[in-house]
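Asker: Can you read through this structure? Questions will come right after.
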Amino acid sequence: MRIRILAAGKPALAYAKSGVEEYLKRLSRYGAYELEYLKAGDSATVSAALLERSAGNFRIAMDERGEVLATQAWADKFASLELRGEIKALSFLIGASDGHTPELRQTCDAVWSLSRLTMQHELALVVLLEQLYRVATLRRGEPYHR
Ligand SMILES: C[S@@+](CC[C@H](N)C(=O)[O-])C[C@H]1O[C@@H](n2cnc3c(N)ncnc32)[C@H](O)[C@@H]1O
């Protein structure tokens, strides 16, 4: 199962650029993780572009209003999605400064939160990548996740 991360706007902040680079490098040992950037813009334009680019995928909107899951629960959800053989790709959708539209949240298959805090979108991208890495190591029984 491919894992796609679709994010509005390339990171401009130095810490986010290096965090993204670091976790993508680590994730490359664990399968097909693809990070794609879309042009940043207003909420309606970005949400429409995110939905268009992720058509046919199992879509997970990343949003502070979503379901807050423990890392083990992420790993369990990944395992059960993989068992449903028809899902070829998961797409995690990160919005721009104004966030997702209500329509995007309703259209997605799931809405997950990284915490109840509202994060700047570049920080949310780094936290998402770190969690994907953590889940990958957990599923392999490696000691990164303790
Ligand atoms: C600055 S936030 C947008 C805040 C905006 N006020 C809203 O209503 O969503 C930009 C993006 O970062 C991501 N994000 C920020 N905090 C998050 C959190 N706690 N959990 C998951 N994603 C988050 C979401 O994808 C969000 O669309």
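Just so you know, all these numbers are worked out from the coordinates, no wet-lab data involved. Everything numeric in this text was worked out from a predicted model, so none of it was measured. When we count neighbours, we look across all protein chains shown, and the Cβ atoms used for this are built from the backbone with ideal geometry, even at glycine.
Asker: Just want the ordering: L129, L35, L24, L117, from fewest to most Cβ atoms lying within 10 Å of their own Cβ. Can you show the working numbers first?
Answerer: On the way: L129 23, L35 19, L24 16, L117 10.
The order, fewest Cβ neighbours first, is L117, L24, L35, L129.
Asker: Calculate the dipole size of the stretch 1-127 relative to its Cα centre from +1 charges on Lys and Arg beta carbons and -1 charges on Asp and Glu beta carbons; express the result in debye to the nearest 20.
Answerer: Here the stretch 1-127 has a charge dipole of around 320 debye.
Asker: Give me, ordered by chain and number, the residues 5 or more places off R4 or on other chains with an amide H under 5 Å from its own placed amide H.
Answerer: Under 5 Å from the amide H of R4 lie the amide H atoms of E34, L90, S91, F92, each far enough along the sequence or on another chain.
Asker: Under 8 Å for C-alpha pairs, at least 6 residues apart: give me the relative contact order for the stretch 2-139, rounded to a whole percent.
Answerer: Across the stretch 2-139, relative contact order equals 38 percent.
Asker: Once the piece of chain linking E86 and L24 is laid out straight, how much longer is it, given 0.36 nm per residue of separation minus the C-alpha distance between them? Mind dumping the intermediate values first?
Answerer: Numbers: separation 62, 0.36 × 62 = 22.32 nm, distance 2.58 nm.
Full-extension gain reported as 19.7 nm.
Asker: Another question, then. For the chain, set up a GNM with springs between Cα atoms under 10 Å and report which of A110, A136, A96 has the largest fluctuation.
Answerer: The residue that fluctuates most here is A110.
Asker: By per-residue mean of other Cβ atoms within 10 Å, what is the highest-first order of 83-92, 40-49? The partial results should precede the final answer.
Answerer: Working: 83-92: 14.2, 40-49: 17.6.
Most protected by this proxy first, the peptides run 40-49, 83-92.
Asker: Taking neighbour counts of Cβ atoms within 10 Å as a proxy for exposure, in what order, fewest first, do H121, H145, H100 appear?
Answerer: The fewest-first ordering by Cβ neighbours comes to H145, H121, H100.
Asker: Taking the stretch 2-139 as the region of interest, what is the percent of Cα-Cα pairs per 5 angstrom bin, listed from the shortest bin to the one with the maximum distance?
Answerer: Taking every Cα pair in the stretch 2-139, the percentages come to 2, 11, 21, 25, 23, 14, 4, 0.
Asker: From the phi angles alone, apply the Karplus equation (6.51, -1.76, 1.60; θ = phi - 60°) to the stretch 112-126 and give each ³J(HN,Hα) in whole Hz, x where the residue is Gly or Pro.
Answerer: Taking θ as phi minus 60°, the curve returns 10, 10, 8, 3, 7, 6, 7, 9, 4, 4, 6, 5, 4, 5, 5 Hz for the stretch 112-126.
Asker: Over the stretch 52-120, what is the relative contact order in percent, taking alpha-carbon pairs closer than 8 angstrom and at least six residues apart? Mind dumping the intermediate values first?
Answerer: Values: 80 pairs, mean separation 41.4, N = 69.
Contact order relative to length: 60 percent.
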